[in-house]
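Here's the structure, in structure tokens; my notes come after.
The values are calculated or read from the model by the stated rules, or taken from the named source; none is laboratory data. Note that the structure is predicted; figures quoted are calculated from it, not measured. Just so you know, the surface numbers come from the protein's heavy atoms only, side chains and all, with ligands and any DNA or RNA stripped out. Shrake-Rupley method; radii C 1.70, N 1.55, O 1.52, S 1.80 Å.
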Amino acid sequence: MRTTRISAFVTSLLLSFALFSQTPDSLDYSYGQEDYYFEQEEEEVYEPSDEEKIIQDESDRAREVLLATEDIVSYVQYLLDNDSLVVRYAKYDSGDQWVEYINSNDASEALLGRLDVIDDRSEGFFYSKEYVFNENKAWDFIYERLYDKSGKLIFFVRQYNTYNSGCAEVAFERSEYYWDESGELIRKTYEIYDSHNQSLDIQDCWMEREVYDKIMDKETFLSIYHFHQSESDEENNNDSIE
């Protein structure tokens, strides 16, 4: 009788242990799968880079500032198109200094970068357009900077193009930044498009994010680039004052 009770107790204990050891495994496995997929979905949230962000200050003061800056930008484009007041510098394989640009095939073979500069003292602005060339001597990046009469950066452009985006034969990016006189960013635009000017989706493309500096004041810009104007260039700038 006692042996029978002990046997029944042992059997009951073994059954309870078997059920306990099986049930948690199945529950843990199911929960782990759901948690895994939930975490994967969270990781796929796209975060735009600084180049891709869009900002617009809708205040009347911001609109007024933007109109004034856009007028200067339009005038700069007119000068570039007509090659007026534009002084060009270049950096070549042979050195680190920005020197007078030489427009020849031989010089182009060694070209690393080019600067188009407009120093219009009569209108009170300083503008530069920098081209960064690759090993094939085609531009990869373009940086435009516009400084007001007090030397503050009020307009900056970054352009980039690549054949390696994975979303188009050639993909182009353009970002524009506008600041007011206090250094407040009042507009930031972004567009990405192909060689036919058709819009692309940035999430379908791979676009390089290089290291660069907007350079927020003219004095710092001039100290970094170390180019110097020839006598003829100085005369052109003096003529613009008159």
Study note, to complete from the structure: For segment 158-166, in residue order, the Karplus 3J(HN,Hα) values (coefficients 6.51, -1.76, 1.60; θ = phi - 60°; whole Hz; Gly and Pro = x) are 10, 10, 8, 9, 8, 8, 10, 6, x
Practice item. Take the solvent-accessible surface of the protein heavy atoms, probe 1.4 Å, and return the percent of it on segment 143-221 that carbon and sulfur atoms account for. Key: 42
Check your understanding: How do 207, 216 rank by accessible surface area computed with a 1.4 Å probe, from largest to smallest?
Key -> 216, 207
Practice item. Over segment 68-166, give the accessible area per residue in Å² for a 1.4 Å probe, as an integer. Key: 49
